[in-house]
Amino acid sequence: MAYDIVLLNDVFSAKNIDEKHKNERRFNPEKLNKWSFWSRYLGPYAVKQSIKNNSKNKSVVVVDYFTKIPDFFDYIKNFVDHNTKYIGISTTFLHNTANKRVNDFNLWFTEHNDLVKWFEQLKLLAPNAKIFIGGHLCDVWFQYYVKSRPDAPLPVAMEKYVDCVIHGYGESSVPNYINNTLDLQHVYYRGDTLFVSDGIAAGSNKATCLRIEWDKQDAVQNGEWLPLEVSKGCRFGCKFCMYDKFGTTLKDVNDFRQEIINNYEKYGVTGYSFTDDTINDSLAKVQMIHQVFTSLPFKAEWIAYTRPDMFHRYPEMLDLMLESGCKGVFLGIETFNPTAAKIAGKGLDPNKIKDIIRWMKDRAGEELFILASFIIGLVGETEQSLQNTLDYLLEQDCIDKILFEVLYVRPPDFRTGVQKDFNNDSDMYGFKKIQYNPYYWEHDTLNFNLCMEIAQKWKTELGKTNRYSGFDQALEGFTNFWSYPRMRSLGYSHKESFYMLKDASMPDELYIKNNQWISDYHTKLKESQCS
């Protein structure tokens with residue numbers, strides 16, 4: 001049975017990190033395709049739900065982990081044919097580098113022939129389908145091809161095969177695109193390719209947090225940890241942030257509870273990765289989560305992004321979160337330099353942040369996995385202050401995993417002037433140069449190349465001792481915080497997952513189980529569309 005609408009998604013393109021078999025693309029547990037353990041994310045399923053809620057086209061399916069299907073075009077024949085009307089591709093977590101990568105599905109739209117051939121084959125199977133793309137990477141293309149360089153030629157694959165590029169919340173724009181009800185003031189033409197940007201921010205009361213109704217076409221596996229959204233957007237406005245920081249909208253408490261109950265009754269789901277930018281952005285929200293989770297007729301667990309300074313303002317948050325089943329937090333620390341913290345929007349004194357982390361570990365112990373993230377290169381940071389941070393990280397014993405990355409300044413946002421940030425107001429923050437091809441920036445105290453060297457030093461020094469904390473460098477880490485839900489989905493306990501994740505001690509058994517899980521999902525998905 002072919003579907004009217006097929007949404008393709010993956011969490012990183014298929015990338016084999018087993019060097020011995022790096023040219024193997026076939027699924028084969030004996031060859032150990034060591035794919036990342038990241039679980040599903042919510043975006044395409046929210047789009048699917050919105051289509052079903054707001055469109056006559058109810059025949060829609062998400063094909064997840066699509067780059068990990070051994071014979072993709074043979075497999076996708078089960079879902080598309082000449083009657084298929086739309087094919088959507090989420091770009092958020094695909095490999096999306098401008099560098100050519102062997103054996104990667106690269107949706108950067110560079111001029112290599114592999115991507116063009118891939119679209120050619122897809123159109124042969126679904127010749128009448130319009131292709132649209134959405135997800136976070138579309139923000140970069142919208143800023144560049146519509147706002148910054150409307151005269152720049154589109155990449156061949158995009159110009160020839162992509163009918164529509166969705167910028168912003170897909171659950172808002174995609175149904176309008178399908179229903180042909182787009183507001184023309186939000187449509188930008190580049191030849192035959194439409195760029196759609198409705199400009200909706202979460203704080204505008206126009207964005208909604210949908211109750212996701214998982215069904216048999218989602219092939220949810222029994223006991224799987226699922227993504228769950230409590231609110232959309234963020235209200236803190238960090239100057240380096242690329243996401244919606246124009247306020248929040250909160251899910252209805254009854255919808256929130258019913259979604260969790262339904263998932264348990266239908267699929268035995270008791271674990272969640274919250275997708276909120278900040279789960280503890282208000283005491284009222286944490287209290288709502290506590291109210292719902294402690295009232296359930298079963299025990300549920302979850303992990304989430306958190307902001308450490310909120311625990312200083314509301315210490316009671318931690319107990320509420322632990323009582324409601326919190327098993328892991330991603331602490332967005334970013335810097336211990338007071339000047340850099342204040343400029344970036346992280347105003348609490350760094351020494352108090354260190355005290356908070358110590359307090360959290362003393363309070364929760366190994367019942368709570370603590371990841372702390374850092375950005376190398378923030379405005380106001382110096383080479384010496386980064387060395388001081390590294391010294392602290394080498395000595396402390398309260399962070400379970402350290403994540404670090406070099407500052408990225410994206411192209412200017414089309415909402416320039418609405419909110420001050422690095423990309424829109426680079427001059428006022430002391431940036432002397434920002435360029436994108438090749439990528440480079442410099443400000444009063446640091447530059448991109450120096451920060452890349454510092455990141456390598458962090459990697460080397462943390463790797464020498466690693467006494468207390470594991471570590472990952474962003475974009476290189478395959479055992480990141482968001483691997484935890486998949487480990488739990490595979491049947492590992494919190495304690496087992498805690499130490500595998502902390503020490504990056506991933507046994508072959510885990511890779512084999514993960515490969516089999518993905519294979520079983522694709523088998524179940526194929527069977528579900530036949531029933």
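The values are calculated or read from the model by the stated rules, or taken from the named source; none is laboratory data. All values reported here derive from a predicted model rather than from experimental measurement. Cβ: placed from backbone, ideal geometry, glycine included. Neighbour counts: every protein chain shown. Side chains included, ligands, DNA and RNA excluded: accessible areas come from the protein's heavy atoms. Shrake-Rupley method; radii C 1.70, N 1.55, O 1.52, S 1.80 Å.
Taking a probe of 1.4 angstrom, what is the accessible area of D192 in Å², to the nearest 10?
Ignoring ligands and nucleic acids, D192 comes out at about 140 Å².
Taking θ = phi - 60°, what integer Hz values does the Karplus form 6.51 cos²θ - 1.76 cosθ + 1.60 yield along the range 333-340, in sequence order, with x for Gly and Pro?
Along the range 333-340, the couplings run 8, 6, 7, 10, 8, x, 5, 5 Hz.
Consider a paramagnetic label point 7 Å from the Cα of E527 along Cα→Cβ; state which residues of the range 38-79 have an amide N under 20 Å from it.
Counting backbone N atoms under 20 Å from the label point, the list is 61-66, 69-71, 75-79.
Using amide H atoms built 1.01 Å from N in the peptide plane, name the residues 5+ places from I376, or on other chains, whose amide H lies under 5 Å from its own.
Under 5 Å from the amide H of I376 lie the amide H atoms of E405, V406, L407, each far enough along the sequence or on another chain.
Using the Karplus curve 6.51 cos²θ - 1.76 cosθ + 1.60 with θ = phi - 60°, what ³J(HN,Hα) values do you get for each residue of the range 352-357, in whole Hz, with x for Gly and Pro?
The phi angles translate into 6, 4, 4, 5, 5, 4 Hz.
I want to check the label-to-label distance for K299 and D355. Put each point 7 Å from Cα in the C-beta direction and report it in nm to one decimal.
It is 3.4 nm.
Measuring from label point to label point, each 7 Å out along Cα→Cβ, what is the L322 to D508 span in nm?
If labels sit at L322 and D508, their model points lie 4.0 nm apart.
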